[in-house]
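These notes concern the structure reproduced below.
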Amino acid sequence: MKIGVRVHDFGKSNAETLAQEAKKVGFDGVQLVLNKAIEGESGLAGTLSKEKANYYYEAFKKEGLDIAMLGAYFNPVHSNKELVEKNIAKFKEHLKFENDFHAGYVGSETGSFNDDKWTYNPLNRTEDAFQEVKRIFKDLANTAEASNAKMAIEGAYGHCMFEPKALKRLVDEINSNSVYYIVDIYNYLSIDNYKNYKEIFEECLELFKGRIVIFHLKDFIIQDGALKQTCIGKGIIDYDYLIKKIKENAPDAYLIFEGSKPEDMEYSFKFVKSKIDEA
């Protein structure tokens, strides 16, 4: 089982420095969001090329790191439709050059009618929201197929695909061999359901069986009546259970730290690695 990191959690820098930081901890790969990780990169359509993609591939490969996924996250139901179109073009360009990055996938979540806040809005759970997300992601899947690329979609409690069943329906209706799943159990939780996280996680494993390619690893505590992300290994999540279930159901999926603080990463890496070795 390989462990990766969302590399801009080390901060914004150049590819060589970020690769060295990730390798120092022991990670096998990275989730790369160009505009958040690399100084001078916008990540927008028109800025990528085969040469640039190869450069980033080589920079991480030099440290023995995979590019597990390119993050091109955007909000498909944002009220600024010009912004949506720009982000669709950006995602398509990432798909076009995915193989030159030697990246596994291009990933996104499914957005919210709260625009840049990406939080719960009752409109997110309507049929109209579902159909608009499907329209856009079906178009992206067509581009992925044409580019011989792969994309991965992530659900979250406050987003349009707010529960595993909604995301399963979306992927089923898109009906493309180029579309896969990201599972982030923390993202599906709220103050009302967090005690059922194991049940929700097992629902993901069952519904998404055979097509889960990335697990985002996080941990959390309850503080002031709300969920608060914390250092992996120092929160509520039972990692003995979690890693055992992943090993049984999706052992080839990448485990990616997301939202970890640099000062916590070494502890969390050793913690997760020990759970893998014990599972």
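Read-outs throughout are calculated quantities, based only on the coordinates presented, and are distinct from any laboratory measurement. Since the structure is predicted, the reported quantities are computational estimates derived from the model, not experimental observations. As a convention, Cβ positions derive from the backbone with ideal geometry for all residues, glycine included, and neighbour counts pool all protein chains shown.
Structure data summary
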item: Sum of -39500 (n - 2.57) over DSSP H runs of 4+, divided by residues of the chain (222 nm, nearest 500); result: -13500 deg cm²/dmol
item: Mean separation of Cα contacts under 8 Å, 6 or more apart, over the residue count of the stretch 3-278: relative contact order %; result: 16 percent
item: Positive-end residue, the stretch 224-275 charge dipole about Cα centroid, Cβ charges, pick of Phe271, Leu255, Gly225; result: Phe271
item: Choice from Lys96, Lys218, Lys52 showing the highest fluctuation, given a GNM over the chain with Cα pairs closer than 10 Å; result: Lys52
item: Total charge dipole magnitude, the chain, about the Cα centre, Cβ charges on Lys, Arg, Asp, Glu only, Debye to nearest 20; result: 200 debye
item: Among Thr230, Thr47, Thr17, residue whose mean-square fluctuation peaks in a GNM of the chain (springs only between Cα atoms under 10 Å); result: Thr47
item: Residues of the stretch 32-62 with amide N under 12 Å of a point placed 7 Å along Cα→Cβ from Ser13; result: 38-39
item: Charge dipole magnitude, Cβ of K and R +1, D and E -1 - the stretch 76-141, Cα centre, debye nearest 20; result: 80 debye
item: Mean separation of Cα contacts under 8 Å, 6 or more apart, over the residue count of the stretch 217-279: relative contact order %; result: 37 percent
item: Neighbour cut-off at most 13 other Cβ (10 Å), DSSP loop, GluC sites (Glu not before Pro), the stretch 1-100; result: Glu39
item: Label corresponding to Cα extents along the principal axes in Å when calculated from the structure given, among (1) 62, 41, 39; (2) 80, 57, 37; (3) 46, 44, 35; result: (3)
item: Distance (nanometres) between label positions extended 7 Å along Cα→Cβ at Asp238 and Lys52; result: 4.7 nm
item: Inter-label distance for Ser79 and Lys273, nm, one decimal - labels placed 7 Å from Cα along Cα-to-Cβ; result: 4.8 nm
item: Distance-filtered residues of the stretch 101-117 - backbone nitrogen under 13 Å, label point 7 angstrom along Asp139 Cα→Cβ; result: none
item: Nearest-0.05 FRET efficiency for Lys247 and Ile221, computed from C-beta distance (R0 41 Å); result: 0.95
item: Lys117-Lys24 pseudo-label distance in nm [points 7 Å out on the Cα-to-Cβ vector]; result: 3.8 nm
item: Cα-only radius of gyration and Dmax that characterise the stretch 64-152, units Å; result: 13.7, 45
